[in-house]
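Worksheet for the structure shown next.
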Amino acid sequence: MWDEKVSIYRAAIKAGLLKSRYKTHWGIVLTVTTGERRLKTLLEKTAAVGGRRGFWFTTMDELKTQGVFGKIWQRSNEVVKSRAEERPPGMAPIKWSILDSIGDRRGDE
């Protein structure tokens, strides 16, 4: 079911719906889930169907303690990167802030 949702989001972007409706060519899908185990499952499923930088995930606990602008978000493309780099199991995930996406959009560091 989740992989179908990701595929629909990706198809909408490829079809130019963001561009025609919101005058932008990119977006971020924010997902808040119940816990670490579910978060990992969603990250894996999203990466498996091609979802990358535009899919960000966190847990309700992190959202409550740090707020929406905290460095609480994990991106599904990090799953793909960590596989390619053969990062050791148990290594802390890279976390992002929504404000980091502003730099990504403009190409800033």
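The values are calculated or read from the model by the stated rules, or taken from the named source; none is laboratory data. Only a predicted model underlies this, so the values are computations on that prediction, with no experimental measurement involved. Ideal geometry is used to build each Cβ from the backbone, glycine not excepted, and the neighbour counts take in all protein chains shown.
Step by step: first the residues of the stretch 50-74, then only those that are at pLDDT 90 or above and in a loop (DSSP other than H, G, I, E, B), then the one that is nearest to LEU99 (Cα to Cα). Which residue is that? Outline the logic, then answer.
Of all residues in the stretch 50-74, those at pLDDT 90 or above come to 55-74.
Remaining after also requiring in a loop (DSSP other than H, G, I, E, B): 67-72.
On the way: GLY67: 12, VAL68: 10, PHE69: 7, GLY70: 9, LYS71: 9, ILE72: 11 Å.
The extreme case among them is PHE69.
Apart from one condition, LYS23 fits all of (1) at negative phi; (2) out of contact with any Leu (no Cβ under 7 Å at 6 or more places or on another chain); the exception is (1).
Taken over the stretch 24-49, the criterion of being in a helix (DSSP H, G or I) and among the hydrophobic types (A, V, I, L, M, F, W, C) is satisfied by LEU39, LEU42, LEU43, ALA47, ALA48. Scanning the stretch 1-23 for residues that are surrounded by 10 or more Cβ atoms within 10 Å (Cβ to Cβ) and outside any helix (DSSP H, G or I) yields ALA15, GLY16.
The residue that is modelled with the highest pLDDT, among those in the stretch 75-94 that are in contact with a strand residue (DSSP E or B) (Cβ under 6 Å, 6 or more places away or on another chain) and part of a loop (DSSP other than H, G, I, E, B), is SER76. Taking first residues from the stretch 9-38 that are within 14 Å of THR58 (Cβ to Cβ) and at pLDDT 90 or above and partners that are acidic (Asp, Glu) and part of a strand (DSSP E or B), no Cβ contact under 9 Å between residues at least 6 apart in sequence or on separate chains turns up.
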